[in-house]
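Values in this text are rule-based calculations from the coordinates and carry no lab data. Because the structure is a prediction, the values reported are computed rather than measured. Using ideal geometry, Cβ is built from the backbone for each residue, glycine included, and neighbour counts are taken over all protein chains shown.
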Ligand code: ADP
Ligand code: MG
Ligand code: MG
């Protein structure tokens, strides 16, 4: 029997891979998975939950994204990795560890080509919009009621990360603190070298102040490390029919071979700075009033952090958060936003620059 189409994976002369999932491929792969068909070698599939039969049809997701997600039969999302990487990917182990966690899209299958991760298959969350849409609406309207929901969700995620499983029998680790300061200073140096023009000059003038903000990292005490999300911004939080869900366990795209066990404060810092970015987007794209938006950011941040802290306490895991790390991790994250903008999305630069300029005026 001839195989229905699967994606085309090619090896470039430099050894890197490309993946192309043409029209109809996602639908056909999901059908094969639901039928339990053997994938065409060298594809292999790791099943996390049995796939239900899915109605025909597919449509691509069109929001800003790093990879290429396609919805099959309004029931499953297949995230294809157009540039599959040989570096170990955190998602398969993490999704296995999180089995039963209700705050994400149910994972069904992981697809490999040889031993390289090429796709993740999760349940489609009907009516979902990511935070670059729903949260910008909230900012433009001056509403902060959502903050309790996302703060609690982040705390529940961390409590689940910190619960032992067969995958991570020791999910909370207390080694000597890794080189937090070196990593953050490296991000600042990279942001300085990649940011040109007036923004680059502004950054160079304020490099000393930014460096001073990183000082607490040098004396960070022993702090519990968990397998964090690694890229926890509002764009990874979907508002859908039944509430909020966190997706995208790829890790931070600007950190090569990141150690996945990190302080919980790293995720919280990124989530909080993303609210500042939402404020920047609301002012630039929605003509929201700058002063009212700044007040919205302050309130949304406070309420999110409070809900997170209460959520951790409720789960008996208040020990996971070392608040002294928050500010320096926020500074590092703003540098990483500049790195991301320079490498992948130049038109994003205004958002981190707006936040940074707001800090030192
Ligand atoms: P990327 O690594 O490309 O950023 P994400 O996992 O964040 O991939 O998904 C990209 C976008 O696809 C999300 O921002 C969201 O809009 C949409 N999306 C992802 N997963 C789902 C899902 N399970 N249900 C509905 N939409 C989703
Ligand atoms: Mg994403
Ligand atoms: Mg991603």
Helical mean residue ellipticity (222 nm; -39500 (n - 2.57) per DSSP H run of 4+; nearest 500) of the chain: -14000 deg cm²/dmol
Per-q log10 I(q)/I(0), the chain, q = 0.08, 0.14 Å⁻¹ (Debye; single scatterer per alpha-carbon; no solvent): -0.41, -1.26
Cβ crowding within 10 Å averaged over residues, with 13-19, 272-278 ranked highest first: 272-278, 13-19
Ascending count of other beta-carbon atoms within 10 Å, so fewest first, for 114, 213: 114, 213
Shape metrics for segment 215-361, restricted to C-alpha atoms - Rg then Dmax, Å: 15.5, 45
246, 309 arranged by Cβ crowding within 10 Å, fewest neighbours leading: 309, 246
Normalised alpha carbon radius of gyration of segment 176-227 [divisor 2.2 N^0.38 Å]: 1.36
Residue of 346, 92, 107 that the Gaussian network model of the chain assigns the largest fluctuation, springs spanning Cα pairs under 10 Å: 346
Fewest-first ranking of 28, 4, using other Cβ atoms within 10 Å as the exposure measure: 4, 28
Overall form of segment 208-296 per C-alpha gyration tensor (a/c, 1.5; a/b vs b/c): oblate
Over segment 162-258, equivalent-ellipsoid semi-axes from the Cα gyration tensor in Å: 30, 22, 11
Cα-based shape type of segment 221-273, given that a ≥ b ≥ c are square roots of the gyration tensor eigenvalues and the cut on a/c is 1.5: prolate
Radius, Kirkwood style, for segment 22-81 when every pair of distinct Cα atoms is counted (Å): 12.2
Debye log10 I(q)/I(0) for segment 118-206, one point scatterer per Cα, at q = 0.13, 0.16, 0.17, 0.22 Å⁻¹: -0.98, -1.13, -1.11, -1.02
Spin-label pair residue 141/residue 16, simplified geometry with 7 Å Cα→Cβ offset, distance in nm: 4.2
